[in-house]
Every structure is written in structure tokens, then in C-alpha cells.
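Values quoted throughout were computed directly from the atomic coordinates according to the rules given, and no laboratory measurement underlies them. Bear in mind that the values here come from a model prediction, so they are computed numbers and not experimental data. Cβ placement follows ideal geometry from the backbone for every residue including glycine, while neighbour counts extend to all protein chains displayed.
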Amino acid sequence: MKEKLVLVGNGMAGVRTLEELLKIEPDLYDITVFGSEPHGNYNRILLSPVLAGEKEIGDIMLNDENWYQENNIKLHTGKEVVEIDRRNRKVIAEDGTTASYNRLLLATGSNSVLIPIPGNDLKGVVTFRNIHDVTTILEIANKKKQALVIGGGLLGLEAAYALKQQGMFVTVVHLMDSLMERQLDPEASSMLRETLENRGIQFLMETATEALLGEDEVWGARFKGGLEIAADLVVMAVGIRPNIALAQKARIHCDRGIVVNDTMQTYDGRIYAVGECVQHRDQVYGLVAPLFEQAKVCANHLAQLGFAQYRGSLTFSKLKVTGVDLFSTGDFMGDDTTESIVMKDVDRGIYKKIVLKNNRIHGAVMFGDTVDGSWYYQMLRDQTDISGFRGQLLYGQSHLGDSGHGGANTAADMADDVEVCGCNGVCKKDIVNAITSKGLFTLDDVRDHTKASSSCGSCTGLVEQILSFTLGGDYSEAPTAKPLCKCTDYTHEEIRQTIQRQKLTGIRSVMDYLEYRSPDGCHICRPAINYYLMSSWPGEVVDDPRSRYINERAHANIQKDGTFSVIPRIWGGLVTPAELRAIADAADKFNVSTVKITGGQRIGLYGLKKNELPAVWSDLNQSGMPSGYAYGKSLRTVKTCVGEEWCRFGTQDSTSMGVRLEKLTWGSWMPHKFKMAVSGCPRNCAEATIKDFGVVAVESGWELHIGGNGGVRVRPTELLCKVKTDQEVVEHCCAFIQLYREDAYYLERTAPWIERVGMVKIRQQLIEDGGNRKALSDRFLSSQKFAQKDPWAERTGDAGFETHEFFPLEVKVSHE
Amino acid sequence: MSDWIEISSVDEIPPLGARVVHAEEMEIALFRTANDEIYAVRDRCPHKEGPLSQGIVHGKRVTCPLHNLVLELSDGKAVPPDEGCALVYPIKVEESRVWIKLQGVASKIKGSK
């Protein structure tokens, strides 16, 4: 017999927990759900747009009754559970329906606070919490004119805006002296008030409501001090309070909410709780992102995996009022220990304030222009060191220039048919439709369903904006420490540390040690683990070809038609006539359809069949050309100019330096591809300042630059230092590569890596600590002893390595 | 039944890897999982015809090398939310020899194209 799981509360948090559970363990429980509302699960955060007439109720349903049926879940709608019989492990609904449980999940949400004043029970006095409230308000709004909203917080202002849209005269009364005082600083708050006043909403600030007036229906309100105004609809939006009545009655420990531990368990070990009814580490959450994080953890324990932990959430706020952009996150007020950067443009109605602490974002509040909200939020979460671009911070991410989406950087004013994701051809309306029709909440959801931002990722910020614009501020974000992939909850860093501390040397042992939940990982984690093993234990770990992406496994780049390309190494861009002849001969011999000079000063042969590769390599090897690693997460090219040997401006021998660096560093496996360039003078013809490691010759020596990128997001390098001798160039180069290999995450280019860890750390390790630099360089050179074997040579000839990779099985099919 | 064709031994296919079989002018990918189960799938991803044999094998699934579509080896279906289905062939393993059944399947391909 299956165990029984009962969910009380058919809302977003509870049902999300079930969805997460079904993903991991679809058949573990017989599930029963009780909901007090007569609907399936709907998207509560979209009630404001429904009230404003911008959406229909049908648009915001998340799980209809079919979903419950398909998953064999017994659904009781319109039945409020009134008692938990913990001794006999069953719940009892008000109509007498009972259900017994082995495990119980409470997701009773929260109730709107009703202010205890005379008249709060009159007809026309409502809260703003569920579909029933919305239909009641809409009925009154159709007939009456005067609306009073009590409460100038997020919910109150959204309600006020929606009622204004419905054609009512709206007054908002607020107890404090500024609106949304918990989410905005006084500056942004007063700008918000001005904007809303311009839209015809009136405000009564620092005013307490004393009584609501009327016999049966409300007709007015009286405030402290005696002022009275007319009102035939009163919306109370002064806050929400966790709904803990049921839990309290069952004597489950509650404080402000139902108290849970890091595994979402209440004080009764069989009873879990998630959502707004919960109090975790003294915090109560009312936004969707934390609830979803809780749901994930809870599902992990219900599925008896038992390793996920909820450690609390960081949230941000955004108002769902069309045309009003505001955003806040973290500690945006600041104190003695913080610094603030502020920009204010009164005429354009723009205000931005970023609070910094130790060169990291501590909080942010923005009004009028919030496109970079998600960027700041991400850097706050990741604790990114911003010292490198502090000067550009307020101007936003678009200042740094992405490619692939026509330079657009604001989702709100994009037309529906504008392409957002240039890699996969996804338009804004495709994303918006997927979010609303499929009930998506996270970036990963959108990537899975639409493919937007799943390739090069340069439009990630835009997609996040569309998410937050479509759902208001309430979309879920992955927690700070992103797991490596869906197979594990451990992060890149944790996996690498485990490999090194436990001295693990095989992928299988890593997966066993970390209690992997999939049998042998996936295409995301296996290559990463393989890399961490190879880079942690050079010479000891045996490479696993089955955990390599095809390009690295076959040592050639797969093309869209399944053929491969071959690019031999051309040291520093220098080539001899004999080598050119050998390439031309190979092209003739194998009928190569396209021969192209690549962007990195090399020559590529395209359209080769896989079984031809060993023979082509053998021919090229015979003329002295090894693999160019144009397919690998490793050194690609070292681009050079002709330098002082020929150029009248040249100050150093840049070609020789390029060849020397390439000979030293080829063959090393790295987190991602790695490009270098050496320019012979500051005119920089080799474009060294957009490379991972760029060298620019000056009269007195060499400038060393790091962290450049010319791809998706153009990013110039940062100057690491100036050195005098060739030997110093070599040592810095090797040390930098080794630091990158040891510290960056798999598939992280040097540019985002440096942005993540900060130039300060890199300078400390490479410049200030000369001994450390020498040690890094030595470690690199020692690992090169094992790495520098031409993979082409290993795979050609009779005793070829991995020959099965290249040759198909031949089968005779006889037709009798 | 006479329409089973012997194609290889299990050992010729690397664990968590694949080999390509040319048969009846078609390319079929022969996969071997970690616990030595063998599956045969037409070597064309339903998305953009990527060669599935070149993908990374994990569990009873393969990831297409071109755009990372993940397919079930047992029935060829894409893992949701992706859609699509690759053709699969019946396989049997007897005394470490792998047999495939092509008849009927081949005509299905012609019919579908």
C-alpha cells in the first residue's frame, strides 16, 4: 500500500510542492488535496491585472481539474479543513469529509488583515486576496463611483490603480508619511506618489481610519481628526497575516506563522508546511520566489531524498502598475557602514540608488528606469565585486554592450514581435504567451519551453525582465548557490572541493560520494566533473571520453549536417609554404568542400566525414602540424602581428612571443576556450585587448591584459601589469592560466570569472604575491607534461586510440 | 523469426557510448548504457536531424550533440517539454551478441518521409 499524503491548501505553494514531488517521485503517495476556494490552483499574483481588466480569470489558472486527474490526485474544492486529528492522523473538513494521512502538508496561506474599527463588516467593505474578492469588487465597481483603499503598500496601490482603471474615483489612505515605506526610500516614494497623483489617485497620508459609516452598505469613512469622505467601496489592504488557525487548533507550534525547520517540517515530524503560513528562521514571506524555494526543499524530503535545506530567501519588490516602474531589493536605506551611489533626473522621472558595502551591492532602489533591476539583484545575490566597473554601475548592463538582440535592453517597451533571443529566434510574444499559458515562473522554465536564452545566454537579462514584467516582481529566481545541474544540489565549488578533499579520482566515485539522484549524471554535469578531476589530479586521472562533448571526444568540430571540420595548429599565425601545400593536398585528397581562413589566423577544412578524420590528421601530422584544438575548452589561437621584425612601428618581436606562448600552453584543458594575442606596439593590430590573455608590446617591455571577450558581450581586457622581460611574460601567462583553471567554474570564460571574483583577488594572487605566482606557474608547467600529447597523433595509424569512435559497424542485410 | 539480424557483440560498443550501423542505406545508432542495456535508434534527431550517436549517453537517455534535445532511448521520445520522436528498432541480446530487427521499421520510415 502506498503512503497517503494530504495537502491542506490548494494554492501556489502547496501545489508547487506537489509538482516538484511528482517530478522526483511520481508514484510514492496517494495524494489528496483540500482547497477552501471552489477553483483549481490559480496564479494569485496576477489578481491585480484581473482587477484592472487587463486579464481574465481564465488566463490565470495554473492547474485545472484535468491536472489533478492526470496525476491521480483526489481534489476536494470548496471544502475547508477545520480539524487535524493528529492522534489518528486524519483531517476533517467542515462538511464532514475526512482523509487520513501518513504525511500532511499545510499550505494554508494567509488572510488579509481586517482593521478592528466600527463598520468593518458593512457591505462594500472588502479585502483583496482571492478570486471571490476580485469578483465582489468588480460588481461594486460596475455600479458605484467612490472607492477608498486603506493601505499604501504594494497591494493597496495595485488595487487603487486597478480601480482607477475601472473608472472609479480612488482615494488611498495611509498611516505612514510615505508610500510603500518598506520597499522604497523616501525619495523614490515621493516620486511614486507624484506619478500616481498625476493619474488621478488621491492620497491621505499619516491618517488613521476611525470608522466606516453606513447602516447596511458602506457610504463613507471617518478619519482621526474628524474628516469624513464618501466611499461606496472600501478595500482594506493593510497587510496579510499567516493563516495559522488550523495549526494552532491542532496544537502545532506557531508563532507569527507555523514554525518550521530548514527541511520545512513543523514540530510534528509527520506534518510539513510551506508558503505564506510558514515562519522560518523568524521570517515570514509573502512573495512567490521564496515559496517556490520552500516547495522544492519540502518535495525533496517528501520524496525521502532528505538532503535539501531551505536557508531563507532574498527578495525584491516590483509594482504591477502598468507604466510605473519601480524596483527595490536588499538594504536600500544604508547606514554608517555603507556607501551610496545616486542618480536623479527629475524631468525624466528617473531615480536610482545603489547601496554598496565592501565593493559589493548591499541594496538598490530604482524608480522610472528599472531595466537593470534584475542585474543588480543578481550581483547582490552573488556578492559580485563591482570595483572593476563601479563607474558604469548606474548606467546599467546595456552600457557593457551585448549582441544578439538588436541592442534592445528594455523589455517593457519592446513590441511583441521583436526578437529577444537571436540564437533561437524567439520573439517577445512567444515568451509572454508561454509564461501566461503554461504558468511559468522561472528562467529555467522559460528556457525549457521556449529555448529563449538557452544558447549563448546574452539575452538572459531581457528574458528575466519579461518574466518580471509579465508576473510583476513575483517571479522565482534560483538561489544564490546554483546547483551544477538537475542531477545534484551541489554547486560547482562544492563538487570541486569534494574531489580535492576526498581525493576522488573517478566520475563514478564523485557521484557516489555526493549521492547523485540520477544513475550516471547528464550532459551538463559529466563534462564538468571530468574537467574538475582532470585539472585537480593531472597525470593521475584517466580522461573519460564518454563524458566529453563530441567535439572534444572526436577532436574535431561537429557541423550542422553531422560532418566535421579539421583545423591544424598554425603557431602564432606563421605558416610555411610546405605546410600550406600539405593543407591544400589534404583538401584535394579528401574532396573538402570548403576551405576557410578562420578568425584566429588559421585554415579550416570543412565537411569531412567522421571516418575520414584519422587519415586527414595523419597527412597533416606528417607535415608537422598537430591538432589546433579548435574544438576544445583549451587554448585556441595566439593571434600576432608581424612586430618589430617587419613593422616600422613595432617595438618588440611579437610573433616570436606569440609562438613561444602557444608552444607553452597548448593542450591544457581549461574551464572554457581560451584565446590569446600579442601585439607589437600600442596600435594593437592583433586586437589583444579583447582576448582572455592579451600582450601589448611597449618600448620598455610588455603590458599584460586579462579577461577580454569579443563574442556575445564585448568586454575589453583589464590591465594586469607591465613587465620588462620575456620570461616575466611567460611566467605571468602560465600563472594566470593556472589560476583560471583552478578557480573558475566549468564553462565560465575568463571575463565572467573575473567579474565574479574581482580584479582585487586576481592581483593579490598574481602580482602582490610573487611566490604564489611562481607556484601557480610551476603547477601549470608540471600539468603540461601530461597534457601536451597531440590527440591526432594518438588516434592515427594501426595502433590508433579509440578507433571505434571513428568507424561504423558494417552490417550485411540479406533479403531472403 | 528470421528477420532478426546479428549486428555486433556488446563489447564493440563502449559503455555509455554508441556505434553507428549502416543498414539498408540508413544510419542507426546503437547505444550501450552503463548497465549494458543496448538500444537502437535511428541516427537522426527529430529536431534538426543531428546525429544522436555522437551525443552523451546518460541513464537511458541521449543528449543530441547539436542543440541538446534529450531523447529516451527506449521509445525515442523527447523528454518534455521538448517534443518529437526518433524511430527506434527492436533489439535482442543473446550470449553477448546483439540482434536487430529492421523489417517493417524500414517501410515505416519510407512511409513517414
Taking θ = phi - 60°, what integer Hz values does the Karplus form 6.51 cos²θ - 1.76 cosθ + 1.60 yield along segment A:197-209, in sequence order, with x for Gly and Pro? 5, 5, 8, x, 8, 9, 10, 10, 9, 6, 10, 9, 7
May I ask which of A:722/A:761; A:560/A:596; A:438/B:60 have a Cα-Cα span longer than 26 Å here? A:438/B:60
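Give the dimensionless ratio obtained when the Cα radius of gyration of segment A:492-548 is divided by 2.2 N^0.38 Å. List each step's numbers first, then the result.
Numbers: Rg = 10.1 Å, N = 57, 2.2 N^0.38 = 10.2 Å.
Dividing the Cα radius of gyration by 2.2 N^0.38 Å gives 0.99.
How much net charge surrounds residue A:424 when only the other residues with a Cβ under 11 Å from the Cβ of residue A:424 are counted, with Lys and Arg +1 and Asp and Glu -1?
On the way: positive: A:447, A:451; negative: A:419, A:430.
Net charge in that neighbourhood comes out at 0.
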Coarse-grained scattering of segment B:4-112 at q = 0.20, 0.21 Å⁻¹, given as base-10 log I(q)/I(0) from a Debye sum over alpha-carbon atoms: -1.00, -1.10
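So for A:210, A:699, fewest C-beta neighbours within 10 Å to most, what's the order? Don't skip to the end; give the middle numbers.
Details: A:210 17, A:699 8.
Arranged by neighbour count, lowest to highest, A:210, A:699 become A:699, A:210.
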Here D for segment A:633-789, in µm²/s, from Stokes-Einstein with a Kirkwood Rh over Cα pairs at 4 °C and 1.567 mPa s, works out to 85 µm²/s
Pairs A:673/A:774; A:663/A:785; A:164/A:353; A:353/A:482; A:428/A:451: which are spaced more than 21 Å apart, C-alpha to C-alpha? A:673/A:774; A:164/A:353; A:353/A:482
Give the angle, between 0 and 90 degrees and rounded to the nearest 10, that separates the Cα long axis of helix A:577-589 from the longest principal axis of the Cα atoms of chain A. 70 degrees
Can you give me the angle between helix A:460-471 and the longest principal axis of chain A, using Cα atoms only, in degrees from 0 to 90, rounded to the nearest 10? 10 degrees
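What does the charge add up to near residue B:75, with Lys and Arg as +1, Asp and Glu as -1, over the other residues with Cβ less than 12 Å from its Cβ? Don't skip to the end; give the middle numbers.
Values: positive: B:60, B:61, B:77; negative: B:72.
Residues close to residue B:75 contribute a combined charge of +2.
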Using square roots of five times the C-alpha gyration tensor eigenvalues, list the equivalent-ellipsoid semi-axes of segment A:697-816 in whole Å, biggest first. 42, 19, 14
Ranked list, fewest to most other Cβ atoms within 10 Å of each Cβ, for A:610, A:774, A:296: A:774, A:610, A:296
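Run the dipole for segment A:728-772 about the Cα centre, Lys and Arg Cβ at +1, Asp and Glu Cβ at -1, nothing else charged, and hand back the magnitude in debye, nearest 20.
Values: 5 positive and 8 negative charges, 38 e Å.
It works out to roughly 180 debye.
What average number of partner chain Cβ atoms lie no more than 10 Å from the Cβ of the residues making up B:48-59? Before the final figure, lay out the partial values.
Values: counts 2, 3, 5, 6, 1, 4, 10, 4, 13, 4, 12, 6.
Rounded to a whole number, the mean comes out at 6.
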For the residues B:45, A:685, A:298, what sequence is obtained by ranking on other C-beta atoms within 10 Å, fewest first? A:685, B:45, A:298
For q = 0.08, 0.10 Å⁻¹, what log10 I(q)/I(0) does chain A give under the Debye formula with an equal point scatterer on each alpha carbon and no solvent? -0.82, -1.14
What one gets for segment A:44-172 as the Kirkwood radius, inverse of mean 1/r over different Cα pairs in Å, is 17.4 Å
Find the all-direction average of the projected area of the Cα convex hull for segment A:137-264, expressing the result in square nanometres with one decimal place. 11.0 nm²
Once the Cα atoms of helix A:613-622 and of chain A are each reduced to a long axis, what angle between those two axes, in degrees from 0 to 90 to the nearest 10, is obtained? 40 degrees
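Evaluate 2.2 N^0.38 Å with N set to the residue count of segment A:185-335, then give the Cα radius of gyration divided by it.
Values: Rg = 20.8 Å, N = 151, 2.2 N^0.38 = 14.8 Å.
Output field value: 1.40.
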Would you list, by chain and number, the aspartates and glutamates whose Cα falls below 12 Å from the Cα of residue A:224, excluding same-chain residues fewer than 8 positions away? A:206, A:210
Can you give the mean number of other chain Cβ atoms that lie within 10 Å of the Cβ atoms in peptide A:800-811? 5
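Please give the net charge around residue A:175, taking every other residue with its beta carbon less than 14 angstrom from that of residue A:175, where Lys and Arg add +1 and Asp and Glu add -1. Spell out each step's value before the answer.
Details: positive: A:182, A:224; negative: A:177, A:181, A:206, A:210.
So the environment of residue A:175 carries a net charge of -2.
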What number does segment A:535-587 give for Rg over Rh if you use C-alpha atoms and the Kirkwood radius? 1.12
If you average the sequence gap of Cα pairs under 8 Å that are 6 or more apart and divide by the length of segment B:4-112, what percent do you get for the contact order? 25 percent
